[in-house]
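Below is one structure, written out as structure tokens; comments come after it.
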Amino acid sequence: MKLLNSTARASSAVLAGALLLGSLTACGGGSGQAAAKVDTSTLTLAIDSDSASFGFDPLRVSAAQRQFFEGLYESLMTLQADGSAGPGLAKEFSYNADNTVLTLTLKDDVTFTDGSKLDAELVKANLDRRSDPALSAYSAVAKGGAQEITSVDVVSPTQVALTFAKPQPGFEKNLASTTGMIVGKNGVTDSASLAATPAGSGPYILDPATVKGNKYVLVKNDKSPEAPKYAFDKVIFSVVLDPQARANALVSGQADVAMLTSNTVDFAKSKGVGVSQIGGTVNTMVSFDKIGKTAPAFAEEKVRQAFQYAINRQALVDALHKGDIPAWNALPKDSAGFTKELETKFAYNPDKAKALLAEAGYPDGFEFTIVAGAQTQTDLQAVQKDLAAVGITMNIKMAASTDEAFAAVATTPLGYAPLSWDNPVGFMYGAVLNGFTNVQKATDEQLSAATGELAAAKDDAAVKAAATKLNTRLVESGWMIPLYEALVNQGYNTKKVAPVEFAGTNAYPLLSSYKPAS
Amino acid sequence: MEVTMALFITKRLLMALATVLVVAVLAFMLVHAMPGSPGAVSLGAGATPEAIDEVNHRLGWNDPLVVQFFSWLGAAVQGDFGISLIDGRSVSADLAGRLPVTASLAAGATLLSAVLGIALGVTAAVRGGMVDRIIGGVCGMAVALPAFWIGIIFVYFLAVQSPVFPATGYVPFEVSPQDWALSLALPVITLAVGGAAFIARQTRASMLEALQQEHIRTLRATATPTWKILYVHALRYASLPIVAGIALQFIQLFGGSVIAEQLFAMPGLGQAVQTSVSTHDAPSVQGVVVIATVVVVAVNLVLELATKFLDPKLRAS
């Protein structure tokens with residue numbers, strides 16, 4: 001039965017021809033980047049999360065969003081290219097003799113987009129919001145925080161004094177991040193307005209072309225004296241959650257810079273884009289319970305050490321985090337305390353793990369539960385298999401809420417988190433020895449001593465010696481069970497953007513550091 | 001006849017309204033069953049119980065459930081779905097911006113899958129033999145392949161290797177109709193592949209049955225042009241299950257657009273629901289659920305009316 005007439009056949013042939021042509025075009029090769037027209041007026045950054053999921057209040061976010069908010073707001077101090085803190089809205093600063101009072105001298109020519117002017121009253125009004133629990137940027141300086149500010153006092157219209165609960169030398173570096181960002185008067189008075197409208201004095205202002213959660217468009221703020229330091233007239237933060245899609249956007253020329261996951265770096269490089277990398281974040285299992293309150297076995301150091309031997313870190317990285325670095329050190333590769341010795345000392349050895357369990361009185365292993373989030377589930381499933389091989393049964397319970405995830409520090413013996421060691425002493429005192437990872441209040445004299453030594457170290461050699469001691473003890477004690485160090489990768493279109501540089505060890509480049517390719 | 005039709009439409013409208021109401025109640029109850037409260041969500045983990053209670057009180061969270069529901073419903077029927085707990089913006093305004101994205105995706109993918117699916121299904125049924133087997137095999141594979149994987153392949157060839165289409169992003173129609181079409185091309189094709197295969201199978205089966213009918217044989221005997229026999233008479237006879245299949249595809253694509261929205265970074269409802277569920281943003285979740293339900297119910301209603309129109313027997317009943 002032939003029901004197709006000649007017209008229908010001709011149409012089919014045209015359709016087939018079009019499809020063939022399309023497929024040939026598809027196989028033609030060539031890079032989108034090469035074909036893209038260089039445009040130095042706009043910089044498009046493909047980023048991995050919504051920069052303003054909480055609106056445009058910079059105090060509701062943490063350091064990870066600094067780069068975006070740097071466009072809209074200025075900080076009291078400014079992060080410098082070498083990672084140190086330099087002048088910002090505060091042109092000078094000084095400490096009193098015992099480092100309990102920090103006095104800032106403010107610029108006097110700063111205007112905010114809401115029309116307000118910078119003065120000491122405004123800085124005080126900003127910092128006096130520190131008791132608001134919604135303001136994540138202030139969590140460390142609020143009452144009970146690791147770097148608590150007890151009072152903020154106006155000394156003169158251009159001078160403000162911050163008084164701390166205990167000595168805080170070097171506190172100025174905190175003011176170079178979102179903690180130090182200053183919101184205009186309208187924003188402070190009516191913080192709800194910041195949900196949709198920023199009130200900053202930064203080099204850029206929000207353009208109406210912004211689509212919440214998808215694309216944030218910043219254009220130059222003509223009233224900002226800082227604006228000329230920023231090379232691009234317009235900056236677009238394009239939210240692309242899928243890692244492969246981000247890499248695709250970069251290599252096809254839709255984005256000029258993209259945050260890449262390690263497993264898309266090779267693909268991106270193969271298409272001719274540049275990639276700048278920095279380490280610093282160690283994904284670590286953390287022993288919450290070192291006294292055996294929630295799981296008796298965890299009171300034994302040998303049990304915690306058995307975890308170090310039981311986990312096949314290389315296999316974990318090969319399977320789930322291609323391109324990242326397996327970690328046997330608690331501290332990152334580029335830190336002063338990093339030591340190769342730990343890599344051989346705690347190399348994968350399930351027999352040794354079993355032997356240690358037996359010595360600790362658990363020859364048949366034991367069982368415990370860990371609370372996981374969506375981000376950590378697959379890693380924990382990989383670790384679960386390794387632990388099962390030495391007799392340890394780790395049940396994985398998915399957290400039903402953020403509250404449950406936070407509460408796990410008190411109810412379960414082990415957790416898992418990415419840890420950044422930008423400030424080892426602060427993190428040890430604030431989180432490890434006294435803070436949220438030690439709610440059972442365990443003590444370890446060696447850890448306390450090493451932290452004290454590091455805090456007191458005066459030169460590089462002393463820092464290295466103390467940090468190495470601290471790092472080694474963190475691993476030997478099993479307080480930290482490092483798994484892998486994640487690299488932060490910034491891919492960039494080499495034809496449009498100069499190689500991306502990081503500010504010291506900070507994982508997020510300064511917005512001002514992006515320059516056009518010469 | 002008109003009275004019967006009017007009664008039919010009225011009944012269906014009432015049922016549609018009842019369905020939306022039931023879903024709204026369920027969404028409301030589920031949101032209340034979620035752990036945490038609006039105060040805890042908006043203030044974060046470090047908030048004091050007093051601060052959380054103050055926010056909950058302000059939002060009416062401590063009122064009886066019935067009071068809360070009717071208060072929410074009263075505002076919702078006026079198009080006000082409340083304020084997001086996370087960023088304090090109007091949920092309705094957010095959804096109004098996102099609905100066109102998802103609707104464009106779903107409508108475009110449905111249209112493409114209908115055109116391709118019907119063409120392939122008719123060809124398979126008419127040509128038979130090897131052509132039928134090839135189309136059947138291709139459709140089998142297309143149905144089985146995950147949309148996410150198909151999308152990655154299309155992006156690789158049509159955006160990365162050859163920059164024919166953009167790899168990510170969405171351009172609103174009012175900004176540039178041409179860029180709007182280009183930005184939709186790959187996600188629409190990605191979503192349409194599986195749908196076209198499904199409709200092709202449906203069309204093939206219906207067309208095979210239609211071609212056996214007495215009146216089609218008569219038309220052939222009277223030298224009626226082939227295209228007219230196929231695409232007017234036979235296809236109309238076969239159209240009921242095909243129309244139902246297309247409507248089902250639209251509903252499925254509307255709900256399943258989250259895959260394309262994530263892969264192509266498009267600001268649609270799928271992206272919104274993903275974000276609002278993960279952040280426990282109750283008003284946003286409720287808003288998306290209700291909007292999606294209204295769309296699905298409306299499409300079903302149109303389908304029923306179309307079915308009634310297409311089938312003389314149903315029309316007379």
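Please treat every number below as a calculation from the coordinates, not as lab data. All figures in this text were calculated on a predicted structure; none of them were measured in a lab. Here the Cβ is made from the backbone with ideal geometry for all residues, glycine too, and neighbour counts use every protein chain on show.
Taking the highest mean first, how do the peptides A:274-280, B:156-162 order by number of other beta carbon atoms within 10 angstrom per residue?
The most tightly packed comes first, giving B:156-162, A:274-280.
Between A:Ala517, A:Ala462, B:Gln271, whose Cα lies farthest towards the positive end of the dipole of the protein assembly as shown when Lys and Arg beta carbons carry +1 and Asp and Glu beta carbons carry -1, centred on the Cα centre?
Value computed over the given set: B:Gln271.
Please list, in chain and number order, the residues 5+ apart from A:Asn221 or on another chain whose amide H is under 5 Å from its amide H, with Hs placed from the backbone.
The list, which skips near neighbours in sequence, is A:Tyr204, A:Ile205.
Find how many whole Å separate the alpha carbon centroid of the range A:281-349 from the alpha carbon centroid of the range B:46-112.
44
Helix by helix through chain B, keep the DSSP H runs that span 27 Å or more along the axis on Cα and average at least 1.0 on Kyte-Doolittle, and give those back in order.
Qualifying helices, which must be both long enough and hydrophobic enough, are B:2-33, B:91-127, B:235-263, B:282-310.
Rank these for me by crowding, A:Val463, B:Val101, A:Val286, going from fewest to most other beta carbons within 10 Å.
Sorted ascending by nearby Cβ count, the order is A:Val463, A:Val286, B:Val101.
In the range A:109-183, what trypsin sites (Lys or Arg not before Pro) fall in a loop by DSSP, with at most 14 other Cβ atoms inside 10 Å?
Here the trypsin sites (Lys or Arg not before Pro) that fit, given the DSSP loop and packing criteria, are A:Lys143.
Where does the range B:7-112 land on Rg/Rh, using Cα atoms and the Kirkwood Rh?
Over the Cα atoms of the range B:7-112, Rg/Rh equals 1.07.
For the protein assembly as shown, just the Cα atoms, rotate onto the principal axes and tell me the three extents in Å, largest first.
107, 68, 64 Å, listed from the longest principal axis down.
Kyte-Doolittle cut-off 0.0, length cut-off 24 Å along the helix's own axis using Cα: show which whole DSSP H helices in chain A pass.
Both cut-offs are met by A:6-26.
Give the whole-number value, in cubic angstrom per residue, of the convex hull volume spanned by the C-alpha atoms of the range B:165-272.
119
So how long is each side of the range A:422-518 along the principal axes, counting just the alpha-carbon atoms, biggest first, in Å?
Principal axes ranked by extent give 54, 30, 20 Å for the Cα atoms.
Semi-axes of chain B's equivalent ellipsoid from the Cα gyration tensor, sqrt of 5 times each eigenvalue, largest first, rounded to whole Å?
Ellipsoid half-lengths, sorted descending, are 44, 27, 15 Å.
For the pairs A:Lys91/A:Lys215; A:Lys441/A:Lys469; A:Lys223/A:Lys269, flag any whose C-alpha to C-alpha distance is greater than 31 Å.
Pairs exceeding 31 Å: A:Lys91/A:Lys215; A:Lys223/A:Lys269.
D for the range A:347-446, whole µm²/s, Stokes-Einstein with Kirkwood Rh over alpha-carbon pairs at 25 °C and 0.890 mPa s: what number?
160
So which lysines can A:Lys352 reach, going by Cα to Cα under 22 Å and dropping same-chain residues fewer than 8 places off?
A:Lys290, A:Lys302, A:Lys340, A:Lys385
For chain B, what is the mean residue ellipticity at 222 nm derived from helices alone (per DSSP H run of n ≥ 4: -39500 (n - 2.57); sum divided by total residues; nearest 500 deg cm²/dmol)?
My calculation for chain B gives -25500 deg cm²/dmol from helical runs alone.
Would you kindly derive the ³J(HN,Hα) couplings of the range A:41-55 from the backbone phi angles with the Karplus curve 6.51 cos²θ - 1.76 cosθ + 1.60 (θ = phi - 60°), listing them in order in whole Hz, with x for Gly and Pro?
The phi angles translate into 7, 10, 10, 10, 10, 8, 10, 9, 8, 5, 5, 10, 5, 9, x Hz.
Taking Cα atoms of the range A:117-274, Rg/Rh with Kirkwood Rh, to two decimals?
Taking Rg over the Kirkwood Rh, I get 1.06.
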